[in-house]
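The values are calculated or read from the model by the stated rules, or taken from the named source; none is laboratory data. From a predicted model like this one, the values you see are computed outputs, not experimental measurements. In this analysis, Cβ positions are derived from the backbone assuming ideal geometry, glycine residues included, and neighbour counts consider all displayed protein chains. For the accessible areas, the whole protein counts, side chains as well, though only heavy atoms, and no ligand, DNA or RNA atoms are used. Shrake-Rupley method; radii C 1.70, N 1.55, O 1.52, S 1.80 Å.
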2 protein chains.
Amino acid sequence: MASALSDALAKHNIVIDHVTSMADAREAADMRSYDAILLDRQLTDGEGLKLIPELRAGNIDSPIIVLTAHNDHEGRIRGLDLGADDYMGKPFVVEELIARLRAVLRRPTLLSSDVISVGRLAFDASHMEPSLDGKPLILPRRELLVLAALMKRNGRTVTREALANAVYSFDVEIQSNSLDAHVSRLRKKLMNLNAGVAIHTIRGIGYLLKVAE
Amino acid sequence: MASALSDALAKHNIVIDHVTSMADAREAADMRSYDAILLDRQLTDGEGLKLIPELRAGNIDSPIIVLTAHNDHEGRIRGLDLGADDYMGKPFVVEELIARLRAVLRRPTLLSSDVISVGRLAFDASHMEPSLDGKPLILPRRELLVLAALMKRNGRTVTREALANAVYSFDVEIQSNSLDAHVSRLRKKLMNLNAGVAIHTIRGIGYLLKVAE
DNA sequence: TTCTCCGTAATGTTCCCGCAATGTTGAAGC
DNA sequence: GCTTCAACATTGCGGGAACATTACGGAGAA
């Protein structure tokens, strides 16, 4: 079975390491990093499913597809809950296995998130969430918006007008120096927190966020 | 079929938005962010598979599980290659669907293990089961969903809107502060249980779960 | 029935934010 | 240098919006 499968996969330019025992599987998984693992339930030295938690515990998070003759629901559920990514009962069509392999490999390894870092400060733009040394930083809304605008243009100056647009929606009309007030309060907090960044003033133009010297 | 499925999933504390046409599906997927998408091939206005490339092109990368009566291999392969993550032929056992859902959801939530821990609280994300000091914690459905959303983003803020999406399907219309009420009740319980965690509110933004200092 | 849960609404509380008063800085001109 | 003025900084305050809390009644499940 395995050699027939190897041939079929080889035709699709997939490179395989084939082992027959749990011991060998463990060792191989430890030594190398695989794009995916095909796991048969019947191994020479035991039940293949038992391998899954072991591998996961060992920080091996390659996708695992379980191949089995026992195509019963309980087994499938058990396998999936143990940490398998997919399950195929024999007999199966090789083309489908390949399709499932592709599906499993396609999954994004990491969630892309746009995080901006300045000094010890970080800012997750998609969640509007600042953090200092990894710990979340809780800020009032307006100050948060100020910080967001400054960090998005890290190191470059932000026009006073641009800042106002970022902080206030178009309809609200501001007729005081409340923007300055927010900048001031934010500045004070960054000082007290010793955040390692400072808000500089460009007279007549706007503001600018820089790592403290 | 769909309503039976909804009921079954609801029993597992999974919140569902159910639509019947491709147009509605497109809109829903655009408007909200889903943990997973169950896609039937027979929709009122066309072939469900066609939706997959559209969604993927629209930067929607929620895992997609295709449900279908045509349990033929060609269809499965096509679906998987179009960008689906899994494929189930009808008739199917609901438990297996849930297991596959769990398998598919396991990836993005956390890399190493399925249980999230904050303070003395733990949460098994794939089974929606919270526990305190190892002992299971029984919570009403809505409070459970609130806690789940907060713990999945452990330490980071959860938008008010995101929280509402996690707790309510979009067909239920909420016109009161019931969400606040649930947060309040959950907070009280966590207090009384001395769980070592606290729900902070970020005015104008949302909430955040943190270990009590 | 009885019990739990949930949405609603009334009521209480917090704290953000715009405002304004006052202080500080810095560039320009002599 | 000194003066002057405008731009900016800082801080307290009051109103009000956002949030918290709790009781109540209906609905559904045991």
### Among (1) under 24 Å from residue A:141 (Cβ atoms); (2) out of contact with any Asp or Glu (no Cβ under 6 Å at 6 or more places or on another chain), the one test that residue B:195 misses
(1)
### Message
Please verify whether residue A:9 is open to solvent by less than 60 Å² (accessible area, probe 1.4 Å), assigned to a helix (DSSP H, G or I), modelled with pLDDT under 75 and not aromatic (Phe, Trp, Tyr), treating the condition exactly as stated.
### Response
yes
## Note on the structure
When residue B:200 is run through (1) over 15 Å from residue B:118 (Cα atoms); (2) within 11 Å of DNA strand D (Cβ to nearest atom); (3) within 12 Å of chain A (Cβ to nearest Cβ), the failure sits at (1)
### Message
Can you say whether residue B:101 is within 13 Å of chain A (Cβ to nearest Cβ), at pLDDT 80 or above and open to solvent by less than 60 Å² (accessible area, probe 1.4 Å), as far as the supplied structure shows?
### Response
yes
### Task
Under 8 Å between Cβ atoms, at least 6 apart or on separate chains: pull out the pairs that start in segment B:50-62 with a residue that is more than 17 Å from residue B:86 (Cα to Cα) and end on any residue that is buried (at least 18 other Cβ atoms within 10 Å of the Cβ) and aliphatic (A, V, I, L, M).
B:58/B:29
#### Entry: Flag if residue A:129 is open to solvent by less than 40 Å² (accessible area, probe 1.4 Å), within 14 Å of another protein chain (Cβ to nearest Cβ), under 23 Å from residue B:155 (Cβ atoms) and modelled with pLDDT of 90 or more
no
### Query
What's the number of the condition residue B:192 fails, among (1) within 14 Å of chain A (Cβ to nearest Cβ); (2) within 12 Å of DNA strand D (Cβ to nearest atom); (3) open to solvent by 40 Å² or more (accessible area, probe 1.4 Å)?
(1)
### Message
The conditions are (1) touching a strand residue (DSSP E or B) at 6+ places or on another chain (Cβ under 6 Å); (2) part of a helix (DSSP H, G or I), and residue B:24 fails exactly one of them. Which is it?
### Response
(1)
### Query
If you go through segment B:154-168 one residue at a time, do you hit one that is near DNA strand C (Cβ under 10 Å from one of its atoms) and in contact (Cβ under 8 Å) with a residue 60 or more places away in the chain?
yes
### Message
Suppose we keep only residues that are within 16 Å of residue A:117 (Cβ to Cβ) and open to solvent by 30 Å² or more (accessible area, probe 1.4 Å) within segment A:203-213. Which one would you say is farthest from DNA strand C (Cβ to nearest atom)?
### Response
A:211
### Message
One residue is enough: does segment A:82-91 have a residue meeting the conditions part of a helix (DSSP H, G or I), at pLDDT below 80 and over 17 Å from residue A:194 (Cβ atoms)?
### Response
yes
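Suppose we filter segment B:138-182 for residues that are hydrophobic (A, V, I, L, M, F, W, C) and closer than 16 Å to residue B:118 by Cβ; how many remain? Show your work before the answer.
Looking only at segment B:138-182, we keep the residues that are hydrophobic (A, V, I, L, M, F, W, C), and these are B:138-139, B:144-151, B:158, B:162-164, B:166-167, B:170, B:172, B:174, B:179, B:181.
Those still in the list that are closer than 16 Å to residue B:118 by Cβ too: B:139, B:144, B:146-151, B:158.
Summing the residues that are hydrophobic (A, V, I, L, M, F, W, C) and closer than 16 Å to residue B:118 by Cβ in segment B:138-182 gives 9.
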### Task
Could you check, for segment B:144-158, whether at least one of its residues is within 12 Å of DNA strand D (Cβ to nearest atom), out of contact with any Cys (no Cβ under 9 Å at 6 or more places or on another chain) and closer than 16 Å to residue B:12 by Cα?
yes
#### Entry: Members of segment B:75-95 found to be within 14 Å of residue A:98 (Cβ to Cβ), open to solvent by 30 Å² or more (accessible area, probe 1.4 Å) and at the interface with chain A (Cβ under 7 Å from one of its Cβ atoms), listed by number
B:76, B:77, B:81
